[in-house]
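The values are calculated or read from the model by the stated rules, or taken from the named source; none is laboratory data. As the structure is a prediction and not an experimental result, all values here were calculated from the model. No Cβ is skipped: glycine too gets one built from the backbone with ideal geometry, and neighbour counts run over all protein chains shown. Accessible surface is based on the protein model in full, side chains and every heavy atom, while ligands, DNA and RNA are left aside. Shrake-Rupley method; radii C 1.70, N 1.55, O 1.52, S 1.80 Å.
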Amino acid sequence: IMYNSLKSIAKNIIPQKVLIKNEYFFRRILIPFYKGTNCQCNICETKLKNFAVLGNGEKICPICGSLPRSRRLYRLLNEEYLKPNLVVLDFSPFRILYSKLKPRKEINYFASDFEDDFIADYKFDMRKIDTENDKFDLIICYHVLEHIIEDEVAMKELFRVLKKGGIVLVQTPFQEGEIYEDEKIVTAEDRLKYFGQDNHVRIYSLSGLNERLKNAGFKTEIRVLEEDTYFGLSKNERVIVCLK
């Protein structure tokens, strides 16, 4: 409650660009209120008495702003996927992960955001990525495809720019049943109503997205990951690992 109240006050009195640019400073003010030993953020490494809880129930780190999926991704990258000399493409990167991955000298990190909503160095259109074939060893595509109308075109582009033996990590919101999309739903209000966010153009099912990725040429593995309450990781989080 305290976190959400302070967040609302800050948004109302501080310009968004100032908040983003000075996010780390503003968040550090919260350390005395949350510092403890019950849990820990694996990204900023702050030990906490508890994570803050957003309105949707997700546990956010009050100090660095990481969500469960960004903390999980950071764990996966460090434990399994990041190796020296990799060329990595990250679409719409989490701000805290950008700040961690960009300075790493052992990898070549390309951060891209098409609509200037995230901190990034490139502005690739996923439907037509402005680079050569077989360039990247690892591509991070988290919560992006549900924003793209021509998603199957984008998936083929991901396949094209990925090196043989390379990996794409894909995640979106999922629902049970089938993919739900309707080209007649175009207004922000209707997209919020039917797809859960005003800039989403569909809701994927896990099986439906997996099938589209296979149709683009990938070999896929669906990973269902375990809960970790100490690090604030969600139960049954799902990631599709795509191999070329």
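Site-free segments of the chain were taken between GluC sites (Glu not before Pro) in DSSP loops having at most 15 other Cβ atoms within 10 Å, sites themselves excluded; the longest one is 59-105. Of the residues Leu82, Leu243, Ile148, the one whose Cα sits farthest toward the positive end of the charge dipole of the chain, with +1 on the Cβ of Lys and Arg and -1 on the Cβ of Asp and Glu, is Leu82. Beta-bridge orientation, the chain: approximately 55 percent antiparallel, per DSSP, counting only bridges with both partners inside.
Consider a paramagnetic label point 7 Å from the Cα of Glu58 along Cα→Cβ; state which residues of the range 140-164 have an amide N under 15 Å from it. What the label zone holds, given the 15 Å backbone N cut-off, is 141-147.
Accessible area ranking (1.4 Å probe, heavy atoms, ligands and nucleic acids excluded), largest first, for Ile148, Ile63, Ile29: Ile29, Ile148, Ile63.
Got a sec? Charge dipole of the chain, +1 on Cβ for Lys and Arg, -1 for Asp and Glu; which of Gly36, Leu225, Ile119 is way out at the positive end? It is Gly36, whose Cα lies furthest towards the positive end.
Rounded to 0.05, the FRET efficiency of the Glu211 and Lys105 pair, given R0 = 41 Å and the Cβ-Cβ distance, is 0.60.
Taking other residues whose beta carbon is less than 11 angstrom from the beta carbon of Lys244, and scoring Lys, Arg as +1 and Asp, Glu as -1, yields +2.
Distance from the C-alpha centroid of the range 74-110 to that of the range 191-244: 20 Å, rounded to the whole angstrom. Taking the chain, the Cys residues with no second Cys beta-carbon under 4.7 angstrom are Cys39, Cys141, Cys242.
Quick one: in the range 163-215, what % of C-alpha pairs are over 13 Å apart? Tail fraction, whole percent: 63.
Residues whose amide H lies under 5 Å from that of Ser205, counting only those 5 or more places away or on a different chain, are Gln175, Ile179, Tyr180; hydrogens are built 1.01 Å from N in the peptide plane. In the set (1) 7, 28, 37, 23, 5, 0; (2) 6, 24, 25, 17, 11, 7, 5, 3, 1, 0; (3) 6, 22, 29, 24, 14, 4, 1, 0, the label that goes with P(r) over Cα pairs in 10 Å bins from 0, in percent computed for this structure is (1). Taking the Cα centre of the chain as reference, the dipole from Cβ charges on Lys and Arg (+1) and Asp and Glu (-1) amounts to some 1100 debye. Does the range 105-244 classify as rounded, prolate or oblate by the C-alpha gyration tensor (a ≥ b ≥ c root eigenvalues; a/c under 1.5 gives rounded; else a/b over b/c gives prolate, otherwise oblate)? Cα axes put the range 105-244 in the rounded bin. Exceedance of the 32 Å cut-off in Cα-Cα distance is limited, within the set Lys100/Lys235; Lys105/Lys193; Lys105/Lys156; Lys184/Lys235; Lys163/Lys184; Lys164/Lys193, to Lys105/Lys193; Lys184/Lys235; Lys163/Lys184; Lys164/Lys193.
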